[in-house]
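S.K.: Mind looking over this structure? Questions follow.
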Amino acid sequence: MCTGSCAKCLGGTLIPLAVCSFLANILLFFPGGKVIDNNDHLSEEVWFFGGILGSGVLMIFPALVFLGLKNNDCCGCCGNESCGKRFAMFTSTIFAVVGFVGAGYSFIISAISINKGPKCLIANSTWNYPFHNGDYLNDQALWSKCQEPADVVPWNLALFSILLIIGGIQMVLCAIQVINGLLGTLCGDCQCCGCCGVS
């Protein structure tokens, strides 16, 4: 597959993942699917915007760059038919690194939050983190420590797991584009052969 076509495929995959990540992070502001009265009762990792910034906004820009590579002019500089495409592929490598960092940020925030568990109302009528080192993951009976919001444990666990998986997939796709971009920079793109009337 040509490097430009490969980049377009990766960009088309990253867009829906970024949208899903954005939505998952927004849903985290409604623990258990309910509006809460006090924002201090939200888990602090929600406010790090891993899904909105990391896997969302920072992923949209690389995805759009990747999508645009397929239609990039091969003959863009100094009369060299492959120079324009090579520069575009090099630029895509930089954006892929930015995307990788954003996805990595979301991945790390999600992993920390899953291990820590949600903030909730506990037995002594205070809002705190009742779980330690992911102990609730293997023992569902511990979930009853959270009295409010209702169903906050499965809600947080499901959404942060989605963000973790999306972040991991995005990191892999951006790493592929780094390799693809470097190949395109060094070797050019197969679609540049014969462009500008040069056979």
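S.K.: Which of the following residues is within 30 Å of residue 137 (Cβ to Cβ), at pLDDT below 95 and open to solvent by less than 70 Å² (accessible area, probe 1.4 Å): 57, 65?
M.R.: One residue alone meets the criteria, 57.
S.K.: Follow-up question, since we're still on this one. When region 1-31 is examined, which residues are found to be surrounded by fewer than 18 Cβ atoms within 10 Å (Cβ to Cβ), among the polar types (S, T, N, Q) and over 30 Å from residue 156 (Cβ atoms)?
M.R.: 5
S.K.: So which residues in region 129-143 are aromatic (Phe, Trp, Tyr) and either on the phi > 0 side of the Ramachandran plot or open to solvent by 40 Å² or more (accessible area, probe 1.4 Å) (or both), if there are any at all?
M.R.: Listed by number, the residues that qualify are 129, 143.
S.K.: Cβ contacts < 6 Å: first residue touching a residue at least 60 places away in the same chain (Cβ under 8 Å) and of a type in the set (Lys, Arg), restricted to region 85-106; second residue in a helix (DSSP H, G or I) and open to solvent by less than 60 Å² (accessible area, probe 1.4 Å), any location; separation 6+ or different chain. Result?
M.R.: If the second residue must be in a helix (DSSP H, G or I) and open to solvent by less than 60 Å² (accessible area, probe 1.4 Å), the pairs left are 85/192; 86/185.
S.K.: Go through region 144-171 and report how many residues are open to solvent by 60 Å² or more (accessible area, probe 1.4 Å) and either without any contact (Cβ under 8 Å) to a residue 24 or more places away in the chain or assigned to a helix (DSSP H, G or I) (or both).
M.R.: Total meeting the criteria: 6.
S.K.: Which of the residues belonging to region 139-172 are within 12 Å of residue 117 (Cβ to Cβ) and of a type outside the set (Asp, Glu)?
M.R.: 142, 143, 145, 146, 152, 153, 154, 155, 156, 157, 160
S.K.: Kindly indicate whether any position in region 123-141 is part of a loop (DSSP other than H, G, I, E, B) and β-branched (Val, Ile, Thr).
M.R.: Within region 123-141 (the criterion being part of a loop (DSSP other than H, G, I, E, B) and β-branched (Val, Ile, Thr)), the answer is yes, since at least one residue qualifies.
The values are calculated or read from the model by the stated rules, or taken from the named source; none is laboratory data. Since the structure is predicted, the reported quantities are computational estimates derived from the model, not experimental observations. Using ideal geometry, Cβ is built from the backbone for each residue, glycine included, and neighbour counts are taken over all protein chains shown. Surface areas here come from the heavy atoms of the whole protein model, side chains and all, with no ligands, DNA or RNA. Shrake-Rupley method; radii C 1.70, N 1.55, O 1.52, S 1.80 Å.
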